[in-house]
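What follows is a single structure, written as structure tokens, with notes after it.
The values are calculated or read from the model by the stated rules, or taken from the named source; none is laboratory data. The shown structure was predicted, so the numbers you read here are calculated from the model rather than taken from an experiment. Glycine gets a Cβ as well: all are built from the backbone with ideal geometry, and neighbour counts include every protein chain shown. Just so you know, the surface numbers come from the protein's heavy atoms only, side chains and all, with ligands and any DNA or RNA stripped out. Shrake-Rupley method; radii C 1.70, N 1.55, O 1.52, S 1.80 Å.
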Amino acid sequence: MYPAAIEDYVRPQSIAEALEAVGRYEAGDALFVAGGQSVMQAVKTRLVRPRCIVDLQAVAELRGVSADGSGVRIGAMTPYAALAEESSLDGAYQALRDAAARVGDRQVRNRGTIGGSLCWNYIAACMPPVALALGMEMALSGKGGERSLAAEDFLGGPLETAREDDEILVSLNLPAAPAATGSAYKKWGLVTDALPVIGVCAMITVDGSGACASVRVAVGGLGDGPRRSGAA
Ligand SMILES: Cc1cc2nc3c(=O)[nH]c(=O)nc-3n(C[C@H](O)[C@H](O)[C@H](O)COP(=O)(O)OP(=O)(O)OC[C@H]3O[C@@H](n4cnc5c(N)ncnc54)[C@H](O)[C@@H]3O)c2cc1C
């Protein structure tokens, strides 16, 4: 099937240009496209009918991972393939590498982005439970200014988030983790190289005696969307 007619395609070089492009349209008429791995299927099947596509591929400030003593910043347009190779995530944030390395096939990992996955929030996607378990903060920018939301507040039910149509997800931010913290992500599915049926992420900190000091567990693939396990 072919998409409905699209009037305009823009390829901004900066966040400011991207926001300006979206601002020229009524809410929902302009669509950000990151890797296109999810949303272009919806465009082709006419579930989504944008008048304008705002392609974020050339916005360099949305890409890359930086880590220092205060924590880790991940640009929303960072592709899975780059995340899977990111050694600064080893230890506390290893779950991000686990999940990124196992998303789909090589093509999906090269094109698909962590920000796209979180904005799409597909029912069984790998990154939403990882964001919840690791305690990610989402930095957003829109015509109303900038704001930051905890993953719990950003992610809603399947295919729902707190992002406004004209807001860009700029980065995913993680605080410096306590010493002796590790994390992992495991997915289980029916088909290799595809979305899982269920995915689980855990982050655990142990104290000096090796006893568990804190644990955060989150699950994806649930009917009402990804969520943290209160029991854990
Ligand atoms: C064959 C195949 C296998 C797959 N297997 C898996 C898997 O195993 N695990 C898994 O988790 N996923 C899997 N996926 C989905 C994949 O992870 C997608 O890449 C991801 O869901 C969307 O990322 P994207 O960058 O392609 O976003 P897009 O499809 O471009 O965009 C998705 C949505 O996010 C919005 N958006 C994107 N970036 C931003 C931004 N920075 N700011 C504001 N809005 C934004 C778009 O407007 C759109 O609504 C698979 C997909 C395919 C095609």
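Brief remarks follow.
The rows are residues; the columns are (1) assigned to a loop (DSSP other than H, G, I, E, B); (2) surrounded by 14 or more Cβ atoms within 10 Å (Cβ to Cβ).
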residue: 139; (1), (2): no, yes
residue: 146; (1), (2): no, no
residue: 158; (1), (2): yes, yes
residue: 163; (1), (2): yes, yes
residue: 166; (1), (2): yes, yes
residue: 169; (1), (2): no, yes
residue: 174; (1), (2): no, yes
residue: 183; (1), (2): no, yes
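- Scanning the stretch 11-29 for residues that are within 9 Å of residue 56 (Cα to Cα), open to solvent by less than 70 Å² (accessible area, probe 1.4 Å) and of a type outside the set (Ser, Thr, Tyr) yields 12, 15, 18.
- Pairs meeting the criteria (first residue in the stretch 159-175 and within 19 Å of residue 95 (Cβ to Cβ), second residue open to solvent by 40 Å² or more (accessible area, probe 1.4 Å) and basic (Lys, Arg), beta carbons under 6 Å, at least 6 apart or on different chains) are 171/73; 173/73.
- Residues in the stretch 111-153 that are more than 10 Å from the ligand (Cβ to nearest atom) and of a type in the set (D, E, K, R): 137, 143, 146, 147, 152, 153.
- Odd one out for residue 32, checked against (1) open to solvent by less than 90 Å² (accessible area, probe 1.4 Å); (2) modelled with pLDDT under 95; (3) hydrophobic (A, V, I, L, M, F, W, C): (2)
- Residue list for the stretch 175-204, filter: closer than 21 Å to residue 230 by Cα and among the hydroxyl-bearing types (Ser, Thr, Tyr): 181, 183, 185
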